[in-house]
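Quick notes on the structure that follows.
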Amino acid sequence: MRITYSKYGIEQLIEENEVWVICIENRKCFSDIICDLWQQINGSKGDVIFSDGNDLIKINREVEMIFNPYSVDCNEKKILNALYQEIEDETNDLFQEEMLQLKSGMIEFMDRIIENNRYSLAFECDIDIVDILKLFSVKIDNMVESVAENLLEYIRIKSRLCKTRCFIFVNIKSYISNDEMNGLYEAAFYEKVHLILIENTQYEILNGEKITIIDKDLCFINLN
């Protein structure tokens, strides 16, 4: 994966099993790149370009940006919609007969209710598996306790269900330890997704990190 931002002359190739940590000490540059990425993730145009070979990566579909690790939700709407779609596809392939029996039983039950009522009633039975999943509030059973574990689970789920290819963290090293960061890297490498860490402070270099520093004078320093 290659990231290009011509406004500041940024061009970086991120290889598999490699985390790009870009430490931006210049406040204007830090603000500009964060703003550009956030606008694109939310569907607007921007100048930061993600590519894979000759193919452009759609940032609003394939890239996730996380400012606050405490706000990460493994049952957010996008995840649940993807989960329900996956279950619906599996149900249509494997449980057609059971679904027909369920609908037949529901129709029979509704007929009995209406027959027992003194009013003239009618109903429609256009129910599908997604309606049933919502009725029973089916969701990810995420029982993790720490912020790092929740992020780790989020990466797994979001990459598998929503096909997210890249996760961008802003100042994540201010929140979690080196050991927890290493666990996060291992999960990302296993899921074949890319991690980008945008920091405004330089921390200890961990295994797998590729470090770029943009200092206050906009000079580039590559540490490895």
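Quick grid of which residues meet (1) of a type in the set (Val, Ile, Thr); (2) surrounded by fewer than 12 Cβ atoms within 10 Å (Cβ to Cβ); (3) modelled with pLDDT under 95:
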residue	(1), (2), (3)
Trp20	no, no, no
Ile24	yes, no, no
Ile34	yes, no, no
Gln40	no, no, no
Asp52	no, no, yes
Ser71	no, yes, yes
Glu98	no, yes, yes
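Looking only at residues that are small (Gly, Ala, Ser) and under 20 Å from the mean Cα position of the chain (by Cα) in segment 178-221, which one is nearest to Ser6 (Cα to Cα)?
Ala188
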All positions within segment 193-220 that are of a type in the set (D, E, K, R) and in a loop (DSSP other than H, G, I, E, B): Glu204, Asp215, Lys216, Asp217
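Looking only at segment 126-140, decide whether some residue is at pLDDT below 90 and either of a type in the set (Gly, Ala, Ser) or in contact with a Ser or Thr (Cβ under 6 Å, 6 or more places away or on another chain) (or both).
No, because not a single residue in segment 126-140 is at pLDDT below 90 and either of a type in the set (Gly, Ala, Ser) or in contact with a Ser or Thr (Cβ under 6 Å, 6 or more places away or on another chain) (or both).
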I need the full set of residues from segment 162-177 which are in a helix (DSSP H, G or I) and either within 19 Å of Glu145 (Cβ to Cβ) or outside the structural domain of Thr201 (by TED's automatic domain parsing) (or both), in order please. Ile172
Within segment 186-207, identify whether any single residue is among the basic types (Lys, Arg) and assigned by TED's automatic domain parsing to the domain that holds Asn92, and answer yes or no. no
Among the residues of segment 184-207, is any within 23 Å of Asp36 (Cβ to Cβ), in contact (Cβ under 8 Å) with a residue 60 or more places away in the chain, among the hydroxyl-bearing types (Ser, Thr, Tyr) and buried (at least 18 other Cβ atoms within 10 Å of the Cβ)? no
Quickly run through segment 167-224 and pick out the residues that are of a type outside the set (A, V, I, L, M) and in contact with a Phe, Trp or Tyr (Cβ under 7 Å, 6 or more places away or on another chain). Lys173, Asn200, Gly208, Lys210, Thr212
Kindly indicate whether any position in segment 102-111 is surrounded by 11 or more Cβ atoms within 10 Å (Cβ to Cβ) and in contact with an Asp or Glu (Cβ under 7 Å, 6 or more places away or on another chain). no
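The values are calculated or read from the model by the stated rules, or taken from the named source; none is laboratory data. Not measured: the values here are computed from a predicted model. With ideal geometry, Cβ positions are generated from the backbone for all residues, glycine too; neighbour counts draw on all protein chains shown.
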